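Novice: A single structure is presented below for examination.
Here, each number is a calculation from the coordinates, and none is a lab measurement. Given the structure is predicted, the values throughout are model-derived calculations rather than measurements. Here the Cβ is made from the backbone with ideal geometry for all residues, glycine too, and neighbour counts use every protein chain on show.
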Amino acid sequence: MADDKQPFRAVRVGLTGNIGSGKSAVAERLVAKGAAVIDADVLAKQATADPEVLACIADMLGEHLVQDGQLDRQATAALVFDNPDARARLNSIIHPWVAGARDARETSLQQAKNPPPVIVHDIPLLFETGQQDDFDVLVVVTAPLEQRIARVHARSQLAEDDIRARDAAQMPLADKAARADVVIDNSRDLPALNQQVDDVWNTLIGLNE
């Protein structure tokens, strides 16, 4: 009789939230539980170390953005923040590189001798870039805006107006929560957050049983 058992496939989770919501803390807890995390922000930084990517940025957005073989991140951020056209051009360069690196990393994890039970894709602009249908489970981390502003200011000294502007440039957090499979409330302390993440982990593990 043929073996009908399907090959193991890690549960694919899309993790997102707005600035200061606490995605990183959730991702760290999931890693501690046994998940693998693929961080879109990390991949985006790796992309801008690629000479071909830097050449495209210099050609499409201005040579002044690349100095001594490195991206001037502050100048680039200033250029694209209030300029949708420039931001779209930058994304058209960065996003394909990130998508390719993400897919390669996931393939490597899925095909590993001992694959992780869960692969988490940490993507700040998951909904904004139309990736909501790419995952088995969507997890959104929420917290009140004032609390998020305080967190971001404490860690980066970014001005409150800048934090509000960055938040406003993203899809409203309430809209993301409404589209999520799981909402994690990060308005309390770390133990409360960890308990929620542990509960989510148990649910995720159950999907592969």
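Novice: Computed FRET efficiency, Cβ-Cβ of GLN70 and VAL42, R0 22 Å: what is it to the nearest 0.05?
Specialist: 0.85
Novice: Right, next: What spacing in nm lies between the two simple spin-label points modelled at GLU28 and LEU207, each 7 Å away from Cα in the Cβ direction?
Specialist: Simple spin-label model gives 2.4 nm for this pair.
Novice: So what's the net charge close to ILE57: Lys and Arg +1, Asp and Glu -1, counting the other residues with Cβ under 13 Å from its Cβ? Intermediate results must be reported in sequence, preceding the final value.
Specialist: Details: positive: ARG73, ARG87, ARG89; negative: ASP50, GLU52, ASP59, GLU63, ASP72.
Result for the neighbourhood of ILE57: -2.
Novice: Still on this model: Normalised by the residues of region 43-115, what does the relative contact order come to in percent, with Cα pairs under 8 Å and at least six apart?
Specialist: 33
Novice: So how many Å³ per residue does the convex hull of the Cα atoms of region 43-115 work out to?
Specialist: Dividing the Cα hull volume of region 43-115 by its residue count gives 95 Å³.
Novice: Antiparallel as a % of all DSSP beta bridges within the chain, to the nearest 5?
Specialist: 10
Novice: If the chain between GLU52 and ALA169 were fully stretched, how many nm would it gain, using 0.36 nm times the residue separation less the Cα-Cα distance?
Specialist: Residue separation times 0.36 nm, minus the Cα-Cα distance, leaves 39.3 nm.
Novice: Based only on Cα atoms, what mean projected area does the convex hull of the chain have, in nm²? Walk me through the intermediate numbers first.
Specialist: Working: hull surface 55.0 nm².
It is 13.8 nm².
Novice: Give me the three principal axis extents of region 77-152 from the C-alpha atoms, as integers in angstrom, largest value leading.
Specialist: Dimensions of region 77-152 along the principal axes of its Cα atoms: 46, 33, 21 Å.
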